[in-house]
Amino acid sequence: MLNLLNLIVVLGFCSVVFCGDVLDFSGPDFEDRVTEHDAILIEFFAPWCGHCKRLAPEYEKAASELKKADPAIPLAKVDCTSDNGKDTCQKYGVNGYPTLKIFKNGEFASEYNGPRDSDGIVKYMKAQVGPSSRELQSLEDVEKFLKEEVVVIGYFSDSSSSLKDEFLKAADKLRESVLFGHTFNKEALDKKGLSDEIVLYRPKKFWNKFESNEVKYTGSADKEEIKSFVKDNYHGLVGHRTHDNHDDFKAPLIVAYYDVDYVKNVKGTNYWRNRVMKVAQSYKGEITFAVSNKDKFSAEVEDFGLKAAGDKPVIGARNAANQKFNMKEEFSVESFEAFVKKFLDGSLEPHLKSEPLPEKNDGPVKVAVAQNFQELVIDNDKDILIEFYAPWCGHCKKLAPTYEELGTTMENENVEIVKMDATANDVPPSFEVHGFPTLYWVPKDYKSSPKKYEGGRDLKDFISYIAKHATEELKGFDRSGKPKAKEEL
């Protein structure tokens, strides 16, 4: 019984001081603790914070990985609700949770702007420590470095090489996303048969018969050319697209979603990737191809109107205009190739995520969905004020009665008041929606140039704005927004 009680006490204690590889810097000795490390990542958090709870397992996993790095990079936490933690968080300007900051040699160095998953944290922090390109001092170092992820190595006969100087400048620019190494070791140069050359290497898990496992740089000693070479070749013919690197993959883009797992199932992952590659090799330079894990990108899969139920990939695509397309046929090399051809020639029908058309739409505030957006907003011969909202948004709920009253006020004007649930419908690219509610003014003669509404949210604010900007002067209000006298009407 005593052992069980002791275990419970220890587990309870662990929940407070983060037993595991994440260090606890919540005490009064923060300044002393932080100076013990050349470089360290610190999370400032609150125990009640939902985002902090979601980050916790990823942060712990990253701490375990970075503890084994060379050099090791510690991760720590500060509880901003604790007595001493409050003072530490206030000193370093923590205003929200979680806030992550990088400290070097005991001093604050920079905000952490990297990913929030374990792999992304590990990669980002490795790039922050030491030089942007690791010097590989022996052939053994080179061979060991090649076992990492995709790497770029510069082989230089001596330190005075102009190519080496430009290589290091390029490495500085790309250090957060690419692993660079360089060597002057004669044995390594002789073994590889290289001198003053740069080579990009792909790890064994990505090897395939459709592209080379290594790519030599053939450009001049210019950092911009070297950067372009690395970016163009880093992901290969069909890249492994993750939440960490998804911004690297530009449209026109075709993604195969399935059980992509380069840790537990390399063989199975490459079985389908190779079939995607068989088609992709004919369209290099025309289309970006990628594979993504169907579960990690489940929201994206759903957004394409796809259901990833079986083992076979499902295919989603975006063109340069950001229109979405999905492959309705079951995946095979033949059906995939037919889909790619239709995608390129523009004969596919775009997929729209849309609520059903409203049965009645004669209220003071019209309801837009993706299916009727063109007709209701773009082709309408009235000026439009449109609100993009989310059903769960508190600010949207607060605005709703005022917006409804505005619709009633504008019923006899040449102005349409419209709302659209931006969480259930695709929003056209010309309307950028990053928060809720977002409102746009769309003049009847300039439908291609919507203007974000930045005015107040009271009824009189809306009326004043519309009265001033309406294409035709309102019947009930002058240009300043004052009601017109009855005899004027």
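Count of lysine pairs in segment 317-376 with Cα atoms under 21 Å apart, counting only pairs 8 or more residues apart in sequence or on different chains?
Lysine pairs, 8 or more places apart or on different chains, close enough: 8.
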Give me Rg over Rh for segment 278-373, both radii from the alpha carbons and Rh done the Kirkwood way, two decimal places. 1.06
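Based on the alpha carbons, how large is the Rg to Rh ratio for segment 317-430 when Rh follows Kirkwood? If you can, show how the numbers build up before the last one.
On the way: Rg = 18.1 Å, Rh = 16.4 Å.
So for segment 317-430, dividing Rg by the Kirkwood Rh gives 1.11.
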If you line up the Cα atoms of segment 217-259 on their principal axes, what length do they span on each, largest first, in Å? 41, 19, 17
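How much accessible area per residue does segment 97-256 have, in Å², with a 1.4 Å probe?
Details: 7830 Å² over 160 residues.
With all protein chains present, segment 97-256 gives 49 Å² per residue.
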Nearby lysines by direct alpha-carbon distance to Lys86 (threshold 20 angstrom, same-chain neighbours under 8 apart not counted): Lys53, Lys77, Lys101
What list of ³J(HN,Hα) values in whole Hz, one per residue of segment 30-36 in order, does the Karplus curve 6.51 cos²θ - 1.76 cosθ + 1.60 (θ = phi - 60°) give from phi, with Gly and Pro shown as x? 3, 4, 5, 5, 5, 6, 6
At q = 0.10, 0.12, 0.14 Å⁻¹, work out log10 I(q)/I(0) for the chain with the Debye formula, treating every Cα as an identical point scatterer and leaving solvent out; two decimals please. -1.02, -1.20, -1.29
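Quick one: with all protein chains in place, what share of the accessible area of segment 358-458 is carbon or sulfur, to the nearest percent (1.4 Å probe)? All intermediate terms of the calculation are to be shown ahead of the outcome.
Numbers: 2360 of 5110 Å².
Its accessible area is 46 percent carbon and sulfur atoms.
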With no solvent and one point per C-alpha, what does the Debye sum give as log10 I(q)/I(0) for segment 92-193 at q = 0.10, 0.25 Å⁻¹? -0.36, -1.34
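Only loop residues by DSSP count here, and only those with at most 16 other Cβ atoms within 10 Å; note down the trypsin sites (Lys or Arg not before Pro) in segment 35-72 that meet that. Before the final figure, lay out each step's value.
Working: sites: Lys53, Arg54, Lys61, Lys67, Lys68; in loops: Lys68.
Counting only loop positions with at most 16 other Cβ atoms within 10 Å, the trypsin sites (Lys or Arg not before Pro) in segment 35-72 are Lys68.
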Relative contact order (percent, whole number), segment 236-311, Cα cutoff 8 Å, 6+ residue spacing: 48 percent
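As a test, work out the antiparallel percent of DSSP beta bridges whose residues both lie in segment 333-455, rounded to the nearest 5.
Values: 7 of 16 bridges.
Among the beta bridges of segment 333-455, antiparallel pairing accounts for roughly 45 percent.
Using only the Cα atoms, what convex hull volume per residue in Å³ does segment 166-311 have?
On the way: hull volume 20.2 nm³, N = 146.
Dividing the Cα hull volume of segment 166-311 by its residue count gives 138 Å³.
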How about Lys398: which aspartates and glutamates have a C-alpha closer than 16 Å to its C-alpha, ignoring those fewer than 8 places off in the same chain? Glu387, Asp421, Asp458, Asp461
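Working from the alpha-carbon coordinates of segment 412-455, get Rg over Rh, Rh being the Kirkwood radius.
Working: Rg = 11.2 Å, Rh = 11.8 Å.
When Rh is taken as the Kirkwood radius, the ratio is 0.95.
The values are calculated or read from the model by the stated rules, or taken from the named source; none is laboratory data. Please read all numbers here as calculations on a predicted model, not as lab measurements. We place every Cβ from the backbone using ideal geometry, glycine too, and count neighbours over all the protein chains shown. What goes into the accessible areas is simple: the full protein's heavy atoms, side chains included, and nothing from ligands, DNA or RNA. Shrake-Rupley method; radii C 1.70, N 1.55, O 1.52, S 1.80 Å.
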